[in-house]
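Quick notes on the structure that follows.
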Amino acid sequence: MRLSATTRPIDQARVFRLILSWIDGDRLACDVVVEEAMAEYLEVQYHIRRISRVLTGAHFIDYITTAAPGLKDIFVLGKIWYLEQGRPVAGASPKFDTIIVDAQAAGHMLTFLSAPMGLSDTVQVGPVRKQSDWLGDMLRNPARTRVHIVTLLEEMPVAETLETTAALDERLGISSGAVFANAVYSEALPRNDWLEAHDGARLGGAGGLTKPLAGRSALRSEAKAASINLDDEDFDALFAYARFLEARQKVQRHHLRALRRGTARPVVELPFLFSAGLALPDIDRLADVIQDGIAAL
């Protein structure tokens, strides 16, 4: 399993991003636009290519999806089903090993996934009912569909994640895969080194003791060896940030325990990346963590 990223913003109300993967490791990114998915549906199912372009403008889509909530989701899921059945896209080989859908946030995602079931309850006969059953079969088959949820280790995201996994299992009957705990702070320093350095800074400033200052002196020597000069103000800032990280780690550990207690799903921890942007080395690092975490399940 690999991780793909893009810097181009998308409107998730109209566009769903797919990553199409082959067994040999090649990947293709494509966007499913609601208007285009509806046009293609009308062309394939009813062979009305000319009128389909007229009926699939943005304003018309807004009108019909307001009149029939969930229809937009059906068009997108239908396109995913179409690809899953082995249909070609952008001239690529039709036999995909994996289709990864970058779906909405948890609450909207449940509405998206429940759309075929709602349509099946509303429409009892005809081709639309048959097609909604096809989509429901795809979503409810664990060999074909798994929902992996990404969450932050904070109170509201964890609570929403636990509610979502329960709804997937109990209400929709859709298999949920791993839960990814994102942006997890790792230990900045080994615990013993941090205590020695921190205590040295605090006690040395308060009581003029010389021995506790060994931690700060050792850090200063290591920094100097790396051509970095640190004064006392630098150390104070570093230790303040270290205390912040320690507090954040404590909060995250609390929510991580709650997450593990609340779900039977495996939890994979993704590290917080201290970088200004998501560059290729960062993506590779996350991909390796994901791959190792999934392989260990």
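Selection over region 152-175 of residues that are within 19 Å of residue 117 (Cα to Cα) and not in a loop (DSSP other than H, G, I, E, B) gives a count of 9.
Of all residues in region 259-271, those satisfying the criterion of being more than 10 Å from residue 181 (Cα to Cα) and either modelled with pLDDT under 95 or buried (at least 16 other Cβ atoms within 10 Å of the Cβ) (or both) are 262, 263, 264, 265, 266. When 38, 117 are checked against the criterion of being at pLDDT 85 or above and either in contact with a strand residue (DSSP E or B) (Cβ under 8 Å, 6 or more places away or on another chain) or in a helix (DSSP H, G or I) (or both), a single residue qualifies: 117.
The values are calculated or read from the model by the stated rules, or taken from the named source; none is laboratory data. Not measured: the values here are computed from a predicted model. Virtual Cβ from ideal backbone geometry, glycine too; neighbours counted across all protein chains shown.
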